[in-house]
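Here is the structure we will look at, set down as structure tokens.
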Amino acid sequence: MGLALVLLTMMLNPAAALAGPIGAVEIGDSDITVRFDDLVAGASAFLLAGPDRIALDIAGAQPGRALGGAGIVRAVRQGQQDAGTARVVLDLAEPAIVSNARFAADGRSLTFRLRPVSASEFERAARGPRTLLQPPAEFRAKPPEKRYSVTVPIGKPRPALPLPAIEGPGNNRLPLVVIDAGHGGHDPGAISPHSGKREKDITLALARAIRDDLIASGRVRVALTRADDRYLVLEERYGIARRLKADLFISIHADAAENQQASGASVYTLSEVASDREAARLAARENKANIINGVDLGAHSSDVSSILLDLTQRETMNVASDFARLLQREAANDVKFRSTAHRFASFVVLKAPDTPSILFETGFISNKDDAEFLASLAGQKKVARGVRDAVQIHFARQIAALGR
């Protein structure tokens, strides 16, 4: 049966069948060499800030094993970006950029140098385009020819959801914040083992409290993706923010863990590489909210799957990261945060390319104290106050920047 599965994979995806593994990643003080067991089609490199990383996408390759770091490189991780592309991620101990990148004459290795730079220079470079690299033409793996075709009836597109009401001042020039209460309808989210409280109910109560505080400030307009107990697929949630041309999207959640001692809030922003295993686990769990009885209701398009590293989204992701840090600072007096509160993961709900978006894990519903805090009116008001203060400062900074 295992052999049959391998053969089926090769038939349906010839690119995967022809991709060769990465043989080694050799790390010197500042020089990096990536060796291949077979010819590859090409590579591209780009930077990711906060935490600082360098990512290499190698077309026509498969990942090898992860390695420890040395010198500027703290650790090396490898993964499969898509069927025919391996991704190598270098976690940096200090900001550095790629220089003198080149393939060997036989196309079997890629060498580059890491040049240390300031944090501000690294952030500027992270907003720039990828660096594209090609092996010599005579030693370049050629993409396989098309060997099959598949026709799938996709049916009629679903009609767009009615847009929610925008509440607050009637001035269309004021910023618009969309608050998304996680889960809902048949999807309860996490459930407290102590009280039976459901995540979907707590997130809705928090979203309403945040809405009320923001409206009372008179400085922003607000819309809720859901104002009642209804189910939305993940794409519909950020789709509402995009259709409303929102200036900020905040998705509210409450985490859960097997360890009931785990507690504290976290703020997640989008990254194609998770900041840690826990972030990857949480994103995988939340992204499954679209799947019912094995059917993916989200119907991801190629736009969504490739949207993550669009150049148009780089600035949006940086703005979201700035707001995440601001939210932690402003809410810290009222809300307990985890020691590493700002985290990164590939949440579908954060993938709007033109709307700064965060996912606010307000605490652990699996923790007795956190669950009681989030279910109480006093706790909800404290969370709302922290979000309100962060939102006001966030847009005040943007206005000040425009006035310079």
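Taken together, the values in this text are just the output of simple stated rules run on the coordinates, not laboratory data. Quantities reported herein were computed from a predicted structural model and do not represent experimental measurements. Note: ideal-geometry Cβ built from the backbone for every residue, glycine included; neighbour counts use all protein chains shown.
For the pairs K351/K382; K245/K336; K336/K368, note any where the Cα-Cα span goes beyond 25 Å.
K351/K382; K245/K336
Scan around G42 for amide H atoms under 5 Å from its own, H built in the peptide plane at 1.01 Å from N, and keep only partners 5 or more places away or cross-chain.
A59
What list of ³J(HN,Hα) values in whole Hz, one per residue of the range 250-257 in order, does the Karplus curve 6.51 cos²θ - 1.76 cosθ + 1.60 (θ = phi - 60°) give from phi, with Gly and Pro shown as x?
So the J values, rounded to whole Hz, are 10, 9, 9, 9, 9, 6, 8, 8.
Set the Förster distance to 41 Å, then compute FRET efficiency between Y231 and A400 from the Cβ-Cβ distance, nearest 0.05.
Rounded to the nearest 0.05, the efficiency is 0.55.
Give, in nm to one decimal, the length gained when the segment between R130 and S30 is fully stretched (0.36 nm per residue of separation minus the Cα-Cα distance).
34.0 nm
Once phi is turned into θ = phi - 60°, what whole-Hz ³J(HN,Hα) does the Karplus curve with 6.51, -1.76 and 1.60 give for every residue of the range 346-355, x standing for Gly and Pro?
For the range 346-355, the Karplus curve yields 8, 7, 4, 5, 9, 8, 5, x, 10, 10 Hz.
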